[in-house]
Amino acid sequence: MRKRIVAAQLGGPTAVINSTLVGLYTSVHKYGWELYGSISGMHGLSEGIFMEISDSVLNSRYLPGAMLKSGRTEASPERIEKCLEKLMEFHADAVVLIGGNGTMWVAGQLNSLCTDRGLPLSIIGAPKTVDNDIQGIDHSPGFPSAAKFVSYAVADIRLDLRSMQGFEHVRVIEAMGRNVGWLTATGAFFDDSARSTILLLPERPFDLRKCIARVQENVREDGMATIVIGEGAKSTCGTITGGIMLGESGPMVPGRVAGKLAKILRQETGLVVRDETLGILQRCSRLGSSSLDYDEACKVGEFAGELLHRGMSGVMVALERIEDTDYHVGYTITALGNVAGMERCMPLSLINDDFGVDRSYYDWLEPLIK
């Protein structure tokens, strides 16, 4: 039977999100099924804007951005109902949603509606996020490339600052990650000194006075100080917090904290402080992308197609690290109910009180970005 599969890319793109779509297309094509793309994520799903995907998609495997176009359309109960209505009108047999934890929540809602109503529509989640905040998975496709970009960018900025000692003293670098610090913490990966790079992670509000004192200490001892601050980080006193409104009516996303911290440091210390925002390049730069990430993202898509062939529904593809001498992962599943809308924060046990993280984090990270 020639099945009709619909794929959608939701939320912020990554450098490898199209690799997942290519993997899915390869798998679906192998079984002789049809693959359609929902144009502009949730908007396309709720409006029934579907386009048949052809072999030309194979050319996008190494391109950043979302081939199907993405978006941040609100996933209200009414809109999810409309998505289901359009999918059934289209006679879709299955839908594969490529996205983060919010996308998995949408997938979970669709799956619950189908189960309650006895509808023959299979729902599969394929993870992607640079934030690495999806539960039930070793890491998410998109994170290794972003982590590689941030770790190298901070190392390069640190070397640049060292060459400017006597003229500049402090760099405050803002990293993506929303409410979690997995990406922010990569900024100290190439730092051999345990105290050189100051990490300010969203999971633990930081003491502003202690941060200022630490900056002064680093400048006094080393002539410079490098700070990496997560876009969702906050100070305990409430002075450092930020947000960016996307459009006139939102949504509000974290950000603009590096500039606030840099201003306070200039006022309080008299040092020359420059703030840097690594920006959208963190999630879309081909220069910093990881070949391992491309490969794993593609295999996630292929495995999603395999799950449909097995008749499965209501699950997300998961990467499970196989403990061995050499790095490799296995592809397995986790129920959407275990991950839908849940945020995977960096464990507090990994975050120390000295503006750093435990070295075991970098042991885990190393094979992903080397």
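Any read-out appearing in this document is the output of simple, stated calculations on the displayed coordinates, not a laboratory observation. Computed from a prediction, not measured in an experiment: that's the story for all the values here. So basically every Cβ, Gly included, is an ideal-geometry build from the backbone, and we count neighbours across all protein chains shown.
Structure values in brief
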read-out: Label point distance in nm, Q267-E85, each placed 7 Å from Cα along Cα→Cβ; value: 5.2 nm
read-out: Cα-Cα P(r), the stretch 170-226, percent of pairs per 5 Å interval; value: 4, 18, 26, 27, 18, 5, 1
read-out: Square roots of five times the Cα gyration tensor eigenvalues for the stretch 196-276, Å; value: 25, 13, 11
read-out: Cα-based Rg of the stretch 265-370 normalised by 2.2 N^0.38 Å, two decimals; value: 1.49
read-out: Neighbour-count order for D192, D156, fewest beta carbons within 10 angstrom listed first; value: D192, D156
read-out: Positive-end residue, the stretch 267-370 charge dipole about Cα centroid, Cβ charges, pick of L319, A335, L271; value: A335
read-out: Neighbour-count ranking [beta-carbon atoms within 10 angstrom, fewest first] of M51, M346, M88, M42; value: M51, M88, M346, M42
read-out: Geometric extent, Cα atoms of the chain - Rg, Dmax (angstrom); value: 21.7, 72
read-out: Principal axes of the stretch 2-73: Cα extent on each, largest first, Å; value: 32, 28, 14
read-out: Percent of C-alpha pairs per 5 Å bin, the stretch 182-331, short to long; value: 2, 7, 13, 15, 14, 13, 11, 10, 8, 4, 2, 1, 0
read-out: 5 angstrom amide H check on D275, placed H, neighbours 5+ away; value: V172
read-out: Sparse-neighbourhood loop sites, GluC sites (Glu not before Pro) in the stretch 154-260 - DSSP loop, at most 15 other Cβ within 10 angstrom; value: E248
read-out: Segment D295-R321, length gained on full extension (0.36 nm per residue, minus Cα span); value: 7.9 nm
read-out: The chain: antiparallel DSSP beta bridges as a percent of all, rounded to 5; value: 30 percent
read-out: Unit charges on C-beta of K, R, D, E only; dipole of the stretch 143-221, Debye; value: 180 debye
read-out: Ranked list, fewest to most other Cβ atoms within 10 Å of each Cβ, for C345, C298; value: C345, C298
read-out: Amide H partners (placed H, <5 Å) of F206, local residues excluded; value: K234, S235, T236
read-out: Helix-only mean residue ellipticity at 222 nm for the chain, each DSSP H run of n ≥ 4 adding -39500 (n - 2.57), per residue, nearest 500; value: -11500 deg cm²/dmol
read-out: Listed residue (F206, I351, A188) projecting farthest to the positive dipole end of the chain, Cβ model; value: F206
read-out: Linear extension gain, D354 paired with T236, 0.36 nm per residue minus alpha-carbon span; value: 41.0 nm
read-out: Distant alpha-carbon pairs in the stretch 38-168 (separation over 19 angstrom), percent; value: 60 percent
read-out: Charge dipole magnitude, Cβ of K and R +1, D and E -1 - the chain, Cα centre, debye nearest 20; value: 620 debye
